[in-house]
1. Consider the range 42-93. How many of its residues are on the phi < 0 side of the Ramachandran plot and either of a type in the set (Asp, Glu) or part of a loop (DSSP other than H, G, I, E, B) (or both)?
2. Do you know which of the residues in the range 1-58 that are of a type in the set (Val, Ile, Thr) and within 13 Å of the chain's Cα centre (by Cα) is modelled with the highest pLDDT?
3. Would the range 43-50 turn up any residue that is without any contact (Cβ under 8 Å) to a residue 40 or more places away in the chain, in contact with a strand residue (DSSP E or B) (Cβ under 7 Å, 6 or more places away or on another chain) and not acidic (Asp, Glu)?
4. Would you point out the residue of the range 70-94, among those that are more than 19 Å from Arg43 (Cβ to Cβ) and small (Gly, Ala, Ser), that is modelled with the highest pLDDT?
Amino acid sequence: MPGRGPATPHRSPRPAPLTYGRALADADNWYAASRLADLLFERGDFDGLGARIGVGDDAAFSRLTALLIMHGQGEEAERLRRFGLNPDGSVACA
C-alpha cells in the first residue's frame with residue numbers, strides 16, 4: 001500500500017541483560033558469569049553478588065569483596081575472604 005512505508009519484520013523481544021546473563025552463568029559459561037559479576041558490581045548489588053557466590057561463582061566473590069571495601073566495609077570484606085558466607089547469605093564470623 002502506498003504511503004505506509006516498508007514492512008518491518010517481527011522481532012522477538014530481547015531478554016533483560018541480567019536475566020539472560022544469569023541463565024548463561026548458571027549454564028557454566030565463565031565469560032557470562034564474569035560479565036554478570038561486573039554488572040552486579042556496577043549496580044552495587046550486594047545481594048545479587050552474594051547469591052552468585054552461593055552458586056560457586058568465583059568472579060562474584062572478588063567483586064563483592066571489592067564492593068565492600070569501596071563502601072568502607074573493609075573488615076567485613078576481610079571476614080568474607082577468610083570465612084565466606086553463611087547459608088543465609090550473611091558474612092561468616094569464624
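The values are calculated or read from the model by the stated rules, or taken from the named source; none is laboratory data. It should be emphasised that the depicted structure is a prediction, and the values quoted were computed from it without experimental measurement. Don't worry about glycine lacking a Cβ; one is built from the backbone with ideal geometry, like all the others, and counts go over all protein chains shown.
1. Step one: filter the range 42-93 for residues on the phi < 0 side of the Ramachandran plot, giving 42-43, 45-55, 57-71, 73-83, 85-88, 90-93.
Next cut, either of a type in the set (Asp, Glu) or part of a loop (DSSP other than H, G, I, E, B) (or both) only: 42, 45, 47, 55, 57-58, 71, 73, 75-76, 78, 86-88, 90, 92-93.
Counting residues in the range 42-93 that are on the phi < 0 side of the Ramachandran plot and either of a type in the set (Asp, Glu) or part of a loop (DSSP other than H, G, I, E, B) (or both) gives 17.
2. Only one residue fits best here, namely Ile53.
3. Scanning the range 43-50 turns up at least one residue that is without any contact (Cβ under 8 Å) to a residue 40 or more places away in the chain, in contact with a strand residue (DSSP E or B) (Cβ under 7 Å, 6 or more places away or on another chain) and not acidic (Asp, Glu).
4. Looking at the filtered set, the residue picked out is Gly74.
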